[in-house]
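As C-alpha cells, the structure follows; a few thoughts come after it.
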Amino acid sequence: MNMLSKVGLVTGATRGIGRATAQHLLNQGFQLAVIGRNADLLEEWKAQGVLALPADVGDASQVDQAVKMVLEHYGRIDAVVNNAGITRDGLLMRMTDDDWESVLNTNLTGVFNVCRAVVRPMLKQRSGKIVNVASVVGISGNAGQVNYAASKAGIIGLTKSLAKEVASRNILVNAVAPGYIDTDMTRALTAEQRQLMLQHIPLQRTGKPEDVAKLVGFLVSEDNQYITGQVIRCDGGLMI
Ligand SMILES: NC(=O)c1ccc[n+]([C@@H]2O[C@H](COP(=O)([O-])OP(=O)(O)OC[C@H]3O[C@@H](n4cnc5c(N)ncnc54)[C@H](O)[C@@H]3O)[C@@H](O)[C@H]2O)c1
C-alpha cells in the first residue's frame, strides 16, 4: 500500500501541536481528517482538501459521528493522533468540580471515546497506529495540576492497556509525553514560570510544536513496525 492510501485522523488540530502534527502528516502524504471545536479555524483545513469535522472529543456521540464520516469518506483509518487537551490549573484545595471534570472529560474520556470509535475498523483492517498525546507531568506530577496530571497519567495507563489488547491484530498504540512546548497552552504561563522552566531544560530552549509532530509522524509511519505500548518523551532532556 503506498502512502497515498493511508488515512490519518488528528484531534484538536486547529492550533499548536495538533495543527503542526496534522500539517506534518499531510506533508508525508496522508489523506487527512481533523477534528476540532473551532469551525472557523477548520475552514483552513478544508481549503487544503482535508476532511475537517467539528466535534468535541469529550462527547461520545459527536466522536462516533465524526469517525463514521471519516470511514464514509475515506473507507479506512490507519493513523489516529489523540492530541486535543485543555488545562484548568489550580491547587487541589481550591479546585472546583468543574475544573476537575472538564479536564478529565476532554483529556482522558476524549482519548477513550476516540480509541473506542476507531479500534473496530482497525481490528477489521488488521492494522492501525494510535498515538496519544500525554505529558511529562503525567509521569512526574506537578503542583497546581492534579486534574491535568491525573488525566495524562490516565492516558499512559490507557495506552499501555490498549496496546496489549490489540497487538495481536497489528495495531500499535503509543503515547508521547511532551515537555514544555511553545503553544497557546504554555503562553498562559508567567514570564517567571517560563524562566524557571527553562533553567531545567538541558537543551536550553522550549520545544516547538514541530518537534512533537515529527516524533508522532515517525510513530504512525511505516518505519514504526515494532514499537508499541511506549511513552516517549519529547522534552529537551527535562526529565533526564
Ligand atoms: N504545550 C505544551 O507544553 C504541552 C506539554 C505537554 C503536553 N501537551 C499536550 O499536547 C496537546 C496539545 O496541546 P497544545 O499545547 O497544542 O494546546 P493548544 O491549547 O494550543 O491546542 C489544543 C487544541 O485542542 C483543541 N481542543 C481542546 N479541547 C477540545 C475538545 N473537547 N474537543 C476537540 N478539540 C479540543 C483546541 O481547540 C486546540 O485546537 C494537549 O493534549 C496538551 O495537553 C502540551
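The values are calculated or read from the model by the stated rules, or taken from the named source; none is laboratory data. For clarity, every value in this text was computed on a predicted model and none was experimentally measured. We place every Cβ from the backbone using ideal geometry, glycine too, and count neighbours over all the protein chains shown. Just the protein is used for accessible areas: all its heavy atoms, side chains included, with ligands, DNA and RNA removed. Shrake-Rupley method; radii C 1.70, N 1.55, O 1.52, S 1.80 Å.
When all protein chains stay in place and ligands, DNA and RNA are ignored, the 1.4 Å accessible-area order of THR190, THR183, largest first, is THR190, THR183. Here ALA167 and ASN38 are evaluated by their C-beta separation; at R0 = 30 Å the FRET efficiency comes out at 0.25. For segment 84-208, the Kirkwood estimate of hydrodynamic radius, built from reciprocal distances between every pair of different alpha carbons, is 15.8 Å. Compute the FRET efficiency between LYS208 and ALA143 as 1/(1 + (r/R0)^6), taking r as their Cβ-Cβ distance and R0 = 25 Å, and round to the nearest 0.05. Here the calculated transfer efficiency is 0.45. With Cα atoms as the point set, the radius of gyration and Dmax of segment 1-67 evaluate to 11.5, 34 Å.
Comparing Cα centroids, segment 65-97 and segment 158-172 end up 19 angstrom apart. Judged by the mean number of other Cβ atoms found within 10 Å, the most tightly packed of the peptides 59-68, 110-119 leads the ranking 110-119, 59-68. Annotation: peptides 214-221, 233-240, ranked by per-residue average of other Cβ atoms within 10 Å with the highest first, follow the order 214-221, 233-240. The translational diffusion coefficient of segment 13-171, from Stokes-Einstein at 25 °C and 0.890 mPa s with a Kirkwood hydrodynamic radius over alpha carbon pairs, comes to 151 µm²/s. The value of relative contact order for segment 82-142, using C-alpha pairs under 8 Å at least six residues apart, is 43 percent.
Only Cα pairs under 8 Å and 6+ residues apart enter the sum, and on that basis the relative contact order of the chain stands at 20 percent. Given segment 38-81, what whole percent of its Cα pairs are spread farther than 13 Å? Roughly 60 percent, rounded to a whole number. Put a plus charge on the Cβ of each Lys and Arg, a minus charge on the Cβ of each Asp and Glu, and nothing anywhere else: the dipole of the chain about its Cα centre is then about 680 debye. Per-residue packing, averaged as other Cβ atoms within 10 Å, sorts the ranges 127-133, 194-200, 34-40 into the order 127-133, 34-40, 194-200, beginning with the highest.
Calculated accessible area for the chain comes out at 49 Å² per residue, all protein chains present (probe 1.4 Å; ligands, DNA, RNA ignored). Helix screen, the chain: DSSP H segments with Cα axial length of 27 Å or more and mean Kyte-Doolittle hydropathy at least -1.0 are 146-166. Ranking SER102, ILE232, LEU123 by how far each Cα lies toward the positive end of the dipole of the chain (charges on Cβ) leaves LEU123 at the top.
Straight-line cross-link partners of LYS164 among the lysines, defined as a Cα under 18 Å from its Cα and at least 8 positions apart when in the same chain: LYS124, LYS129. In segment 3-234, what percent of the accessible surface is made up of carbon and sulfur (1.4 Å probe, ligands and nucleic acids excluded)? Looking at segment 3-234 in its full context, I get 51 percent from C and S. Note on PHE218 and ARG94: with the Förster distance fixed at 35 Å, the Cβ-Cβ geometry gives a FRET efficiency of about 0.30.
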